[in-house]
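Participant: Mind looking over this structure? Questions follow.
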Amino acid sequence: MNKNLERVYNGLWKENPTFVLMLGMCPTLAVTTSAINGIGMGLSTTVVLVLSNMLISALRNIIPDRVRMPAFIVVVASFVTIVQFLMEGFTPSLYESLGIYIPLIVVNCIILGRAESYASKNPVIPSMFDGIGMGLGFTVGLTLIGIVREILANGSIFGAVIAPLNDYHITLFGLAPGAFFVLGCLVAIMNVVRRNMEAKGKPLPAVQGCLGGDCSGCSLSSACTGKSLVHKADEVPPVDPKDVAKPQAVPTETKQTANAKNTEDVEKSGSDSSYADDIAGKEEK
Amino acid sequence: MSNLLKVSSSPHVRAKDDSSIIMLYVIIALMPTTLFGIINFGIRALLLIAVCITSCVLSEFLFEKAVGKKNTIGDLSAAVTGLLLALNLPHTLPVWQAVLGSVFAIVVVKMLFGGLGQNFMNPALGGRVFLLISFAGTMTHFEYDGVAGPTPLTSIGGGNVNTLDMLIGRTAGTIGETSALCILIGAIILILLGVIDLVIPGVYILTFSIFVILFGGHGLDTTFLVAHLCGGGLMLGAFFMATDYVTSPITPLGKVLFGICLGVLTGIFRFFGNSAEGVSYAIIFSNLLVPLIEKITVPRAFGISKEVKSNE
């Protein structure tokens, strides 16, 4: 698959920020009272994400490592301010209903997470597509939650009233608990779909705890022992579910041993051969 | 002869009671309240009770079927949940809302957390609060003798309450909460059968009475006190829902703490909150505190001194 398209697919489905990575929960739960709010929040985040990813990627060799966080925040905050003024000018009603959550895009963990783990290590074009993918994934997530909540709480969809539902409004879904219920149900549905796809022989990469197996982007990388530094940062090959089960056991020669922090790890890598046999046996099946 | 030689680990003395027997006792104890509710509010109350019980049992059955779990409707706990939920609803509530509340109580509050014994919150009250938040209009619309009117609890401020009517239950309110007398008859049945003990309801009512005297604004006015004790869901909640085995503490000191929590919270919600009623919220809120209460009130094991324990 084309690398850029792969980034979009990654954000939309594989590592969907709302349903898989569970990032940005604060706006997800707070603004999704209606579908239009969800789509508005998602799109404004997307714009900021794409632009900040591109700029941070372009500046990645200039920003000193020590001050990268303040630098990222300055970049993101600039774009958020621009977006905020544009929304205030052109979509005042949306601006009103999103309220405090527009300035709060600055500290949205999806944006900082992508800057830290992807944009600061990759060229501009892939970073842009990464931003588009993640942003659209977020938008789709928020819009879905918004649609379900709007139908249940207000009996309308994108503001259009569904007449048969007039007497059947459930106020709870317009409130915070309803957001949790809807999010939980959608994540459950998503997990079922993923499991079915895996059962059909299309193994989807399971997210490996931190950043989908891409340990190079993790700030705790040096301290973490549960990693496999076999992947390069710019291309994350699908992680086989078997690897997830035994992250230590990937029989990759010297790097693994070099990473071993204590004797236990050395022992494990010493017995690599038996694990390798296991895996080989499974793959034959 | 082989019975005499049976070797097993403790406990050696077993009672015949199991979940279904206990639940049956609870249903029997709720019968006076239920019958009075039907007489008081008419055929509509019977319909709601039937709908709630049916949909609770059915949703437990269907959920267990759908996820491939063992069928547990035989332990009657779903039926008790349905009955308690119905007794907590006004008889004018639309049927579909009652069904929704029952499904929520069983599927979300009970089954998703692992079924009977695992739920962290009383399912019937969870369902009631879900309905109260979702359908504030219909859930607080009370009729008596075909006339819409306030419950005694809301009109207490005006001072015109008939405490005898409230004791017998000839007032507006939810199906099961009006008659303190019938609830007390049921409570005595439960206590005599050994299903519940008096600690939680006793401490609850005592704490609440003290709270009313201190903060109610009427001092030692017995009419006001009795009206507050018999009004709203306090009696029903204290005897039938606060004593739920699953969601109340098992340690002796914990039960006392739990009762105090309930009394204080009910008082705060009734006197300083927005709505007239606070029993449901007080009970489900205290349900959430139960794990903490149990943690700090674990009794000292015999023979272990406090010093040894703290050194662990």
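Participant: Tilt of helix B:123-134 relative to the longest C-alpha principal axis of chain B, in degrees (0 to 90, nearest 10)?
Facilitator: Its long axis makes an angle of about 40 degrees.
Participant: Over segment A:72-169, what per residue volume does the convex hull of the Cα atoms give, in whole Å³?
Facilitator: Taking the convex hull of the Cα positions in segment A:72-169, it is 117 Å³ per residue.
Participant: Which three numbers, in whole Å and largest first, are the semi-axes of the equivalent ellipsoid of segment A:78-132 derived from its Cα gyration tensor as √(5λ)?
Facilitator: 26, 12, 8
Participant: Shielding of A:171-177 by partners, i.e. mean partner chain Cβ atoms within 10 Å per residue?
Facilitator: Other-chain Cβ atoms within 10 Å of each residue's Cβ, averaged: 3.
Participant: I've got another one for you. Pop out the ³J(HN,Hα) list for segment B:112-121 in order, Karplus 6.51 cos²θ - 1.76 cosθ + 1.60 with θ = phi - 60°, rounded to Hz; leave Gly and Pro as x.
Facilitator: Going residue by residue, I get 5, 9, x, x, 4, x, 10, 5, 8, 9 Hz, with x marking Gly and Pro.
Participant: Okay, next question. Using the beta-carbon distance between B:Val246 and A:Tyr9 and R0 = 30 Å, what value does 1/(1 + (r/R0)^6) give for FRET efficiency, to the nearest 0.05?
Facilitator: 0.05
Participant: Something else now. Which FRET efficiency value, to the nearest 0.05, is calculated for A:Leu186 and B:Asn162 with the Förster distance at 56 angstrom and r the Cβ-Cβ distance?
Facilitator: Values: r = 52 Å, r/R0 = 0.92.
That gives a FRET efficiency of 0.60.
Participant: Work the Kirkwood hydrodynamic radius out for chain B: mean of 1/r over every pair of different alpha-carbon atoms, inverted, in Å.
Facilitator: Roughly 20.4 Å, rounded to one decimal.
Participant: Give me B:Ile43, B:Ile28, A:Ile151 sorted ascending by neighbouring Cβ count inside 10 Å, so fewest comes first.
Facilitator: Lowest to highest Cβ neighbour count: B:Ile43, B:Ile28, A:Ile151.
Participant: Along segment A:155-172, what does the Karplus equation 6.51 cos²θ - 1.76 cosθ + 1.60 (θ = phi - 60°) give for ³J(HN,Hα), rounded to whole Hz, x for Gly and Pro?
Facilitator: For segment A:155-172, the Karplus curve yields x, 9, 9, 6, x, 7, 6, 8, 4, x, 8, 3, 8, 10, 8, 10, 4, 3 Hz.
Participant: Give me a comma-separated list of calculated 3J(HN,Hα) values for segment A:67-73, in order, Karplus coefficients 6.51, -1.76, 1.60 applied at θ = phi - 60°, integers in Hz, x for any Gly or Pro.
Facilitator: Here the 3J(HN,Hα) series is 9, 5, 5, x, 4, 4, 5 Hz.
Participant: Would you give the gap between the C-alpha center of segment B:71-89 and the C-alpha center of segment B:149-224, rounded to a whole Å?
Facilitator: Result: 24 Å between the Cα centres.
Participant: In degrees from 0 to 90, rounded to the nearest 10, what is the angle of the helix B:279-296 Cα long axis to the longest principal axis of chain B?
Facilitator: The helix B:279-296 is inclined about 20 degrees to chain B.
Participant: Sorting A:Leu172, B:Leu131 on the 10 Å Cβ count, fewest up front, what's the list?
Facilitator: Least crowded to most crowded, the residues run A:Leu172, B:Leu131.
Participant: Quick one: Cα centre-to-centre distance for segment A:7-22 and segment A:48-87, in angstrom?
Facilitator: If we compute the Cα centre of each part, the gap is 21 Å.
Participant: Going by amide H atoms built from the backbone, whose H comes under 5 Å of the H on B:Tyr144, apart from near neighbours?
Facilitator: Distant-sequence amide H within range of B:Tyr144: B:Gly149.
Participant: So for A:Cys26, B:Cys230, B:Cys56, B:Cys182, fewest C-beta neighbours within 10 Å to most, what's the order?
Facilitator: Ordered by Cβ neighbours within 10 Å, fewest first: A:Cys26, B:Cys182, B:Cys230, B:Cys56.
Participant: How far is helix B:77-87 tilted off the main Cα axis of chain B, in degrees rounded to 10, range 0 to 90?
Facilitator: Approximately 20 degrees, to the nearest ten.
Participant: Write down, largest first, the equivalent ellipsoid semi-axes of segment B:107-178 in whole Å, where each equals the square root of 5 times an eigenvalue of the alpha-carbon gyration tensor. Kindly include the intermediate steps, with their values, before the conclusion.
Facilitator: Values: eigenvalues 198, 39, 21 Å².
That gives 31, 14, 10 Å for the three semi-axes.
Participant: Taking the Cα centre of each part, how many Å lie between segment B:260-302 and segment A:104-157?
Facilitator: If you average the Cα positions of each part, the centres end up 40 Å apart.
Participant: Along each of its three principal axes, how wide is the spread of alpha-carbon positions in segment A:3-199, in whole angstrom units, largest first?
Facilitator: 60, 49, 25
Participant: Another question, if that's okay. Above 18 Å lies some portion of the pair distances; for segment B:138-205, what is it as a whole percent of all C-alpha pairs?
Facilitator: Tail of P(r) above 18 Å: 49 percent of Cα pairs.
Participant: Over segment B:145-205, what relative contact order in percent results from Cα pairs under 8 Å that are six or more residues apart?
Facilitator: This gives 20 percent for segment B:145-205.
Participant: Non-local amide H neighbours of A:Ser156 (under 5 Å, H modeled in plane, Pro and chain starts lacking H): which ones?
Facilitator: Long-range HN contacts for A:Ser156: A:Ile151, A:Ile162.
Readers should treat all values here as calculations from the given coordinates under stated rules, not as data from a laboratory. Note that the coordinates shown come from a computational prediction; the quantities given were computed from them, not determined experimentally. All Cβ positions, even for glycine, are placed from backbone atoms using ideal geometry, and neighbour counts span all protein chains on display.
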